[in-house]
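Q: Can you keep this structure in mind? I'll have questions shortly.
The values are calculated or read from the model by the stated rules, or taken from the named source; none is laboratory data. In this text the structure is predicted, and so the values were computed from the model without any measurement. Here Cβ is always computed from backbone atoms with ideal geometry, including for glycine, and neighbour counts include all displayed protein chains.
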Amino acid sequence: MTDSYIRHVQLLGFEKRYLPSQHYVYMFMVKWQDLTEKLVYRKYTEIYEFHKALKEMFPIEAGDINKEHRTIPHLPAPKWFDGLRSTENRQVTLSDYSSSLLSLPPKISRCPHVLKFFQVRPEDENRVANSNSGRKPETFLLKEDSSKKNVSDITGPIILQSYRAIADYDKNSKSELTVKTGDVVDVVEKNENGWWFCQLRNKRGWVPSAFLEPLDGPDESEEQDPNYEGELHITTKEYSADMEDELSLKEGESVEVIHKLLDGWWVVRRGSITGYFPAMYLQKSGEKALTNGNPSNRKALPPRRSTISNANSMHKANRKQISQETYRRNSKKYLKQRQSIIHSESNILIITEEIKAEEDKPKPQPAIPPRPSKELILDRCSEHTKNKIRTVN
């Protein structure tokens, strides 16, 4: 008898269910080797746990030993809260994931772990009966052109990066995550204020990015280069400097951000003076402050990366360091250039306005010459004209 295997898996859409509480499940049509087709329903958390277990079973193909050897497709971790939009946008990712999964070698695509996950469960067959006692599920079918949607249109990260903890961090609230030195976490979201949302096995939470470094090399390439033109920001909270290279600012002050760093401590400029300032106390000029679900509302500031001591950290060995003297020297140079440009533009504007004023002045009209006398006219006429005048007279 031929061993059982899956020929094809197709994502049909998802359902919004209300029992025992509101949640979402994805609908898969599974076509087996005997050409039978079965409909199964899976929560995204179940799919992600299946994915994590598959990576542990095949560490080489998961890229745990060498990232270049990875063949198992990536799958983003569940969000803190799943809504209708995120569930809908994730369909393209799941459709691509299931197709890529079955295209892997048989030792993976036909392994018991994969087969068991897509087998029909009792709750798959009794779905209708279970829904009679409450509000009926709402079904959302996948549009035919959804599979052609650009990857950039998908909400949330597509490829999760793995980072290593370089020091112990004990959480200070329920929304944070405790990590120990050497723990490897998957980063789901990188917030500019220095708090990253991470997944460690079956736990999720916020971790200061200063405690994390990538597995394969320094991450300074992820940071933007200094922008001495600066972006205008407003301070949303007062901060008193703890270190010499930081700035003390009051709430409501205007500063220019010239360098955004991953640990959430940005280099800002006030006048010609520069210094580090916590990003969570900054708001871009003209934008409204976010309050709900924003990790900036935390009581504690994320630590600066330079304060985390670990002799073996990549941050210590290969990281590019820019001194405040360099920031200030380049800032003064830029400010001088900007002042020169503004002065030149002002001169051009003045000259332009003067030219325009000259053009707008009323031009003098030419004087009308006096009418010549009859004798003068006759004197300047030809003999032919004179003869005609005499004939008329």
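Q: Out of the residues in segment 57-109 that are in contact with a helix residue (DSSP H, G or I) (Cβ under 9 Å, 6 or more places away or on another chain) and of a type in the set (Lys, Arg), state the one that is modelled with the highest pLDDT.
A: Arg90
Q: Go through (1) over 28 Å from Ile234 (Cα atoms); (2) modelled with pLDDT under 65 for Leu349 and report which single condition fails.
A: (2)
Q: Quick check: is even one residue across segment 106-117 touching a His at 6+ places or on another chain (Cβ under 8 Å) and assigned by TED's automatic domain parsing to the domain that holds Gln33?
A: Looking for residues that are touching a His at 6+ places or on another chain (Cβ under 8 Å) and assigned by TED's automatic domain parsing to the domain that holds Gln33, one finds none in segment 106-117, hence no.
Q: Among Arg7, Arg17, Arg42, Arg70, which is over 27 Å from the mean Cα position of the chain (by Cα) and surrounded by fewer than 18 Cβ atoms within 10 Å (Cβ to Cβ)?
A: Among Arg7, Arg17, Arg42, Arg70, only Arg7 is over 27 Å from the mean Cα position of the chain (by Cα) and surrounded by fewer than 18 Cβ atoms within 10 Å (Cβ to Cβ).
Q: Now for a separate question. Which of the residues that make up segment 189-199 are assigned to a strand (DSSP E or B) and either farther than 19 Å from Met280 by Cβ or touching a Pro at 6+ places or on another chain (Cβ under 6 Å) (or both)?
A: Trp195, Gln199, listed by residue number.
Q: Which condition breaks for His384 when tested against (1) closer than 30 Å to Asp245 by Cα; (2) loosely packed, with under 10 Cβ neighbours inside 10 Å; (3) modelled with pLDDT of 75 or more?
A: His384 satisfies all of (1) closer than 30 Å to Asp245 by Cα; (2) loosely packed, with under 10 Cβ neighbours inside 10 Å; (3) modelled with pLDDT of 75 or more except (1).
Q: Still on this structure, I have one more. Counting only residues that are surrounded by 15 or more Cβ atoms within 10 Å (Cβ to Cβ) and modelled with pLDDT of 60 or more, how many does segment 316-331 have?
A: The qualifying residues number 5.
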